[in-house]
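Novice: Mind looking over this structure? Questions follow.
The values are calculated or read from the model by the stated rules, or taken from the named source; none is laboratory data. Keep in mind that what you see is a predicted model, and the values were worked out from it rather than measured. As a convention, Cβ positions derive from the backbone with ideal geometry for all residues, glycine included, and neighbour counts pool all protein chains shown. With ligands, DNA and RNA removed, areas are computed over all heavy atoms of the protein, side chains included. Shrake-Rupley method; radii C 1.70, N 1.55, O 1.52, S 1.80 Å.
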Amino acid sequence: MSLHAQHALPPFLTADGADLALDGHNLAGLAREHGTPLFVFSGRRLEHNARSMLAAAKGGHPRARIFFASKACSNLHVIKLFRREGLNIEVNSGGEMWKALSAGYRPDEIVFNGVAKSVPEIEQAVSLGIQAINVDSAFELSRIAEVATRLRTTARVSLRVVPGIGGGATAGIQTGSEKSKFGMGQAELRDALEIARAHPTAIDVAGMHLHIGSQVLDLPDFLDSVSFTARQAQEIAASLGRPLRHLNLGGGYPINYVHRRSGANAGRDFDYTAYSAAEPAADMLEKVAAAASKALDRQAEIFFEPGRAMVADCGLLLSCVENKKQRGPMPWLYLDAGYNLLIDAAAVRWYYHMVNASRMDAAPDGEFRVVGPLCDSADCFFDVEGEYLWADLQAKLNGVAGVTPELLAELKAKVVRLPATRSLPASTRPGDLVALLDTGAYSLEEMFQYCGRQRAKAVMIGTDDALVTLRERDRVEDLVDAAERMAAVG
Ligand SMILES: Cc1ncc(COP(=O)(O)O)c(C=O)c1O
């Protein structure tokens, strides 16, 4: 059976004998040289994503710009590569702004989002004169006005509005309604406009901004946000007496995390919808940009802020199988990587496809419960909370009139958010290497040292095939900071 028939993998992942290879580099060899857990990124894929997303945005709208949402991966090597490719950058804190400047971004290439910006962060953004502070509340705008007045300058801002559109594959990543913590509803927007009108020298309202969520699967949600922007921008312009110069449509473009071969057993009764994208992010972006070019003021620039779609498929995490147990009928695999390296696996129960990177010649004919090394039961790659809740609900619903098997299946799909088992070769055993795919987004920046675990090393296979170290593995001494070190004995 060929590798691709087994796993439906993208073409840059191939088999090198029994091993998985990325851009032609044998990953077992990299793991031996650099240890595990190890993130491996593809420079070529980063370049490809930057080029295809930029071409798509500009293909749909000639005045489109991409501001890469650096929260998805703010490693300086990665954001430098994106800058070389002509991307701008979105930051979410003074720390990310510092990183963007350190990677060479000019202030006019930076937009700054955030729901709780501090005065020092605002001072930093205002004195640099960045492209736009995306204002999250009327209170924040009054803070910006105060800072700009004190610094005797003008702050360029964009007003973040709540469009009331429910994009985003799961509740934790929906940001477009008043149930979320983001942006201003209509009443608050009126207050903000009043503040702007009262401070004409301190505040320059250059644009409006929205962002409906992450892994937004349905094109109509994006198209609704374009129609919303058309109406809202006109109202803001009328209230200010002049047109807006940019319209920021946010990010949220999805990727396909599901690489199961057809007929795979594990998780057959599991609904993978939230993790599957029907079409490439670039195709979706081009359609949204084209809709924007029809519906929105053609004089205005259009900004997009994709994060996940730019980097997720560019990285994978190599993890060693450290233990195997038989619990009842089910074999369990214990990896050396857990939610300390992939917090979304536990926090929003995110799905990352797994392959045995050291047995690519074997069919994935075994079913495994897969867990991480940390000292709590939530450190697992199945939905321990959902399964528990579902067992309880199912017992309560048993025999209740009107509860059909279809309704039960629908409820289960809502409650249990990860497949119970993973398909890997039945021969998988300690010492094998498991690759968790599409782990390039929301990973490096979210690692932490719980249970005395060092944050992982990350390397990138460069566009010239040379290996670049993106970040070193923490040393064991990095588990304590300077103040704590004072307490060390000896
Ligand atoms: C304001 C804003 N823009 C862009 C993004 C990037 O979203 P994604 O990574 O889904 O493209 C986020 C992520 O939450 C965000 O909050």
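Novice: For segment 303-356, which positions are in contact with a Phe, Trp or Tyr (Cβ under 9 Å, 6 or more places away or on another chain), open to solvent by less than 10 Å² (accessible area, probe 1.4 Å) and among the β-branched types (Val, Ile, Thr)?
Specialist: Within segment 303-356, Val311, Val321 qualify.
Novice: Being at pLDDT 95 or above, crowded, with 18+ Cβ neighbours inside 10 Å, in contact with a helix residue (DSSP H, G or I) (Cβ under 7 Å, 6 or more places away or on another chain) and in a loop (DSSP other than H, G, I, E, B) is the filter here, so list the residues in segment 238-261 that pass it.
Specialist: Leu244, Leu249, Tyr253, Pro254, Ile255, Tyr257
Novice: Does Arg44 qualify as being surrounded by fewer than 20 Cβ atoms within 10 Å (Cβ to Cβ) and either under 30 Å from His25 (Cα atoms) or at pLDDT 95 or above (or both)?
Specialist: Taking the combined requirement at face value, the residue satisfies it.
Novice: Are any of the residues in segment 383-406 more than 30 Å from Leu244 (Cα to Cα) and touching a residue at least 60 places away in the same chain (Cβ under 8 Å)?
Specialist: no
Novice: Hey, could you check segment 266-281 for residues that are open to solvent by 20 Å² or more (accessible area, probe 1.4 Å) and more than 30 Å from Pro405 (Cβ to Cβ) and say which is nearest to the ligand (Cβ to nearest atom)?
Specialist: Pro280
Novice: Condition check: within 16 Å of the ligand (Cβ to nearest atom), within 24 Å of Arg150 (Cβ to Cβ), open to solvent by less than 60 Å² (accessible area, probe 1.4 Å) and in the same structural domain as Thr175 (by TED's automatic domain parsing). Does Phe82 satisfy that?
Specialist: Values: within 16 Å of the ligand (Cβ to nearest atom): yes; within 24 Å of Arg150 (Cβ to Cβ): no; open to solvent by less than 60 Å² (accessible area, probe 1.4 Å): yes; in the same structural domain as Thr175 (by TED's automatic domain parsing): yes.
Against the criterion (within 16 Å of the ligand (Cβ to nearest atom), within 24 Å of Arg150 (Cβ to Cβ), open to solvent by less than 60 Å² (accessible area, probe 1.4 Å) and in the same structural domain as Thr175 (by TED's automatic domain parsing)), Phe82 does not qualify.
Novice: Same structure again: Could you grab me the full set of residues in segment 281-315 that are hydrophobic (A, V, I, L, M, F, W, C) and in contact with a Pro (Cβ under 8 Å, 6 or more places away or on another chain)?
Specialist: Residues satisfying the conditions are Ala281, Met284, Leu285, Ala300, Ala309.
Novice: If you scan segment 428-454, which residues turn out to be open to solvent by 50 Å² or more (accessible area, probe 1.4 Å) and either in contact with a strand residue (DSSP E or B) (Cβ under 9 Å, 6 or more places away or on another chain) or not assigned by TED's automatic domain parsing to the domain that holds Arg475 (or both)?
Specialist: Correct list: Arg429, Pro430, Gly431.
Novice: Still on this structure, please answer the following. When both residues are 6+ apart or on different chains and their Cβ atoms are under 6 Å apart, which pairs have a first residue that lies in segment 89-115 and is aromatic (Phe, Trp, Tyr), and a second that is within 14 Å of the ligand (Cβ to nearest atom)?
Specialist: Filtered contacts from segment 89-115: Tyr105/Ile89; Phe112/Val91; Phe112/Ile133.
Novice: From the set of residues in segment 122-148 that are open to solvent by less than 40 Å² (accessible area, probe 1.4 Å) and of a type in the set (Asp, Glu), which is nearest to the ligand (Cβ to nearest atom)?
Specialist: Going through the qualifying residues, I end up with Asp136.
Novice: Ok, one more. Please count how many residues of segment 454-490 are aliphatic (A, V, I, L, M), at pLDDT below 95 and part of a loop (DSSP other than H, G, I, E, B).
Specialist: Looking only at that region, the number is 5.
Novice: Go over the candidates Ala290, Ala274, Ala264, Ala278 one by one and state the one that is assigned by TED's automatic domain parsing to the domain that holds Ala55, at pLDDT below 95 and not in a loop (DSSP other than H, G, I, E, B).
Specialist: The match here is Ala274.
Novice: Being open to solvent by 10 Å² or more (accessible area, probe 1.4 Å) and touching a Leu at 6+ places or on another chain (Cβ under 9 Å) is the filter; apply it to segment 208-231 and report the residue that is farthest from the ligand (Cβ to nearest atom).
Specialist: Among them, the one singled out is Ala230.
Novice: Looking for something at negative phi, assigned by TED's automatic domain parsing to the domain that holds Asn356 and in contact with an Asp or Glu (Cβ under 7 Å, 6 or more places away or on another chain) - is there at least one such residue anywhere in segment 394-415?
Specialist: yes
Table: residues versus (1) within 14 Å of the ligand (Cβ to nearest atom); (2) open to solvent by 50 Å² or more (accessible area, probe 1.4 Å).
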site	(1), (2)
Arg150	no, yes
Ala155	no, no
Leu159	yes, no
Thr175	yes, no
Lys181	yes, yes
Gln186	no, yes
Leu189	no, no
Leu193	no, no
